Structures are given as structure tokens and as C-alpha cells.
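Engineer: One structure follows; several queries about it will come next.
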Amino acid sequence: MRKCLLLFVISLSSVNSFAQDDAKTAVKKTIERFFEGFHAQDSLIMKEVVYNQVVLQTTAQNKDGQTVFKTDEISALYKNIVAIPKTVNFNEKLISWDINVDRTMANAWVGYEFWLNGALSHCGVNAFQLINFNGHWKIVYLIDTRGKEGCE
């Protein structure tokens, strides 16, 4: 009887582990889809995975070493991305992932390097908060850090 109970508990934890892995994969694909639209300068692709009331924030240090913190509108991001001239080559290279999921909420800590016309511009971390709306992960909050120090 004890062995049966132990096997049952182990099988439940295995099922939960697979579900967690599936959810983490889906979250990662959502973020990758966001950047697919970002790099293609296609706001419609980005809108597929972004909640319409998303909060966008950035923090960095200015030349004097003071912390800068600002909030942007998603419409400004869409407008700015689409307006980048085709002659400008930009790439936000995602270099590390740490994803956590609990039920309908997930967060992803994603390290990045931003390359502009073949040169490293800056690096930092994107911190995403996502909510699963009826089987579809949507980005509801995004904050990033930006800086030149500590980049590879």
C-alpha cells in the first residue's frame, strides 16, 4: 500500500513538472514572438502577445550616476519601432533566460545585448510579467535595465 501511494505521489509530481515545462516553453515562445515582431518592425505581431493595458518601464543610470526611471506608453514603442529606417540594423540578442510560472502568472528575467549597426550599444535585463488569458500568454508588464558596463 505504501509503495502504491509513493508511486502515485511521484506520478503527480512528474505530471506537474511536465506542465511547468510546457508553461515555461509557452512563455518563452510568447517573448520570442514579441521580439520577432520587434525585429521585423511589425507592431501587429507584437500586439498578438502584448496585453492592451501593458505597463512599460525602464531604469538606468545617467552620466552623473543618478538613477533614471521612466514609464512609456505602448503606442509610443510601436510607433518608434515602425519608424526606424530600414538602413538601420538593430538586434536585441537574448542571452539568458530564467522563467517562473505559477498557475496563470509567469515572470521571465531575460538578459540581453542590444546591437546597433553591428556594434554593441548596451546590455541589460528585460523583466517580463505575463498572464495566461484562457490559454494565451500575454505580456502585461515589462521593465528593462540599460547600461554599457558589464556587457560582454
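The values are calculated or read from the model by the stated rules, or taken from the named source; none is laboratory data. Everything quoted here is computed from the prediction, not taken from an experiment. Neighbour counts are summed over all protein chains in view; Cβ atoms, including those assigned to glycine, are modelled from backbone coordinates with ideal geometry. These area figures cover heavy atoms from the full protein model, side chains too; ligands, DNA and RNA do not enter into them. Shrake-Rupley method; radii C 1.70, N 1.55, O 1.52, S 1.80 Å.
Engineer: Just to be sure, is Gly147 touching a strand residue (DSSP E or B) at 6+ places or on another chain (Cβ under 7 Å) and surrounded by fewer than 15 Cβ atoms within 10 Å (Cβ to Cβ)?
Structural biologist: Working: touching a strand residue (DSSP E or B) at 6+ places or on another chain (Cβ under 7 Å): yes; surrounded by fewer than 15 Cβ atoms within 10 Å (Cβ to Cβ): yes.
Yes; evaluated as a whole, the condition is true for this residue.
Engineer: Looking only at residues in the stretch 51-75 that are open to solvent by less than 40 Å² (accessible area, probe 1.4 Å) and among the aliphatic types (A, V, I, L, M), which one is nearest to Val125 (Cα to Cα)?
Structural biologist: By that ranking, first place goes to Ala60.
Engineer: Leu44 passes all but one of (1) open to solvent by less than 80 Å² (accessible area, probe 1.4 Å); (2) modelled with pLDDT of 95 or more; (3) of a type in the set (A, V, I, L, M, F, W, C); which number fails?
Structural biologist: Leu44 satisfies every listed condition except (1).
Engineer: Something else now. Give the stretch 122-138 a look and list any residue that's open to solvent by less than 30 Å² (accessible area, probe 1.4 Å) and over 19 Å from Gln57 (Cβ atoms), or say none.
Structural biologist: Passing the criteria: only Trp137.
Engineer: A further question on this structure: Which residue, of Lys93, Lys86, Lys63, is of a type outside the set (Phe, Trp, Tyr) and at pLDDT 95 or above?
Structural biologist: Lys93
Conditions (1) open to solvent by 60 Å² or more (accessible area, probe 1.4 Å); (2) touching an Asp or Glu at 6+ places or on another chain (Cβ under 7 Å); (3) assigned to a loop (DSSP other than H, G, I, E, B), marked per residue:
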position: Lys79; (1), (2), (3): yes, no, no
position: Ile95; (1), (2), (3): yes, yes, no
position: Asn100; (1), (2), (3): yes, no, no
position: Val140; (1), (2), (3): no, no, no
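Engineer: Six or more apart or on different chains, Cβ atoms under 6 Å: show the pairs whose first residue is in the stretch 121-138 and within 14 Å of Val110 (Cα to Cα) and whose second is assigned to a strand (DSSP E or B) and of a type in the set (S, T, N, Q).
Structural biologist: Short answer, once both residue conditions are applied: Gly124/Thr145; Val125/Thr145; Gln129/Asn107.
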